[in-house]
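Have a look at the structure below before the remarks.
The values are calculated or read from the model by the stated rules, or taken from the named source; none is laboratory data. These numbers come from a predicted model, not from an experiment. All Cβ positions, even for glycine, are placed from backbone atoms using ideal geometry, and neighbour counts span all protein chains on display.
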Amino acid sequence: EAGVTQFPSHSVIEKGQTVTLRCDPISGHDNLYWYRRVMGKEIKFLLHFVKESKQDESGMPNNRFLAERTGGTYSTLKVQPAELEDSGVYFCASSPRWGSLAGITDTQYFGPGTRLTVL
Amino acid sequence: LAKTTQPISMDSYEGQEVNITCSHNNIATNDYITWYQQFPSQGPRFIIQGYKTKVTNEVASLFIPADRKSSTLSLPRVSLSDTAVYYCLLNFGNEKLTFGTGTRLTIIP
């Protein structure tokens, strides 16, 4: 079974430009999450999709960030316009089921991340 | 407010057993305790998860006392390849994960 994949692995852009990150979750996983680590700080949650719907976007820093998951499969995270403080590593994760069953806590499987550098 | 507290770093020699303790005094009834491992330039990787008592899998054991206010990840006979950052997290269902600073484990030859 293929794991979570992310594209690109690295992206270097100039301030003010637009960048789109892509995440392909494990096939069949309802839940898709975006996280990021900026400048040596802790990994922080950005948002959570359940299929194509945004379940929790409380971690999105501002309206320069737009996430989509059309069709409930892969997801994109667009940063427009990019700022210097957006530099960091963006991780995507997925887990199987939506709906908390008694005694079930699903494992989140992470992708390798996209390293974004804004100059 | 951090949900878990763990040592910032630890060193150990190859072949030894390593125990990393995590404190979670405010753990909720529904919370599970989950440990992730992260190598440089990679995403976090699930190691083990438990709710109470002891859980063992092919790579680690997790010890959780009755009050569940702490937990200990045990790595048997570590090797150089176990050098990584280890995160202790609390989670339930499909909720987001809240990462702390983790424990940077360095294995010495």
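See the values below:
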{"read-out": "Residue identified as within 14 Å of chain A (Cβ to nearest Cβ), surrounded by fewer than 19 Cβ atoms within 10 Å (Cβ to Cβ), part of a loop (DSSP other than H, G, I, E, B) and aliphatic (A, V, I, L, M) among B:A66, B:A28", "value": "B:A28"}
{"read-out": "So B:Y32, is it among the aromatic types (F, W, Y) and farther than 19 Å from B:L97 by Cβ", "value": "no"}
{"read-out": "Matching residues, region A:27-53, being more than 20 Å from B:Q38 (Cβ to Cβ), more than 12 Å from the chain's Cα centre (by Cα) and not polar (S, T, N, Q)", "value": "A:G28, A:H29, A:D30, A:V50, A:K51, A:E52"}
{"read-out": "Conditions (1) surrounded by fewer than 20 Cβ atoms within 10 Å (Cβ to Cβ); (2) closer than 25 Å to A:H29 by Cα: number failed by B:C88", "value": "(1)"}
{"read-out": "Residues satisfying the stated conditions in region A:10-31, i.e. under 16 Å from A:V79 (Cα atoms) and not in a strand (DSSP E or B)", "value": "A:E14, A:K15, A:G16, A:Q17, A:T18"}
{"read-out": "So B:V59, is it β-branched (V, I, T) and either more than 30 Å from A:Y90 (Cβ to Cβ) or not in a loop (DSSP other than H, G, I, E, B) (or both)", "value": "no"}
{"read-out": "Residue within region A:29-43 that is away from every other protein chain (no Cβ under 12 Å) and either crowded, with 16+ Cβ neighbours inside 10 Å or touching a residue at least 60 places away in the same chain (Cβ under 8 Å) (or both) present", "value": "yes"}
{"read-out": "Subset of region B:70-109 [over 14 Å from the mean Cα position of the chain (by Cα) and assigned to a loop (DSSP other than H, G, I, E, B)]", "value": "B:R77, B:V78, B:S79, B:F92, B:G93, B:N94, B:E95, B:K96, B:P109"}
{"read-out": "Exclusive hit being at pLDDT 90 or above, in contact with a Gly (Cβ under 6 Å, 6 or more places away or on another chain) and part of a loop (DSSP other than H, G, I, E, B), set A:P112, A:P61", "value": "A:P112"}
{"read-out": "Residues located in region B:52-86, provided they are closer than 17 Å to A:Q108 by Cβ and touching a residue at least 60 places away in the same chain (Cβ under 8 Å)", "value": "B:Y86"}
{"read-out": "Hey, B:G43 more than 23 Å from A:P112 (Cα to Cα) and buried (at least 18 other Cβ atoms within 10 Å of the Cβ) or not", "value": "no"}
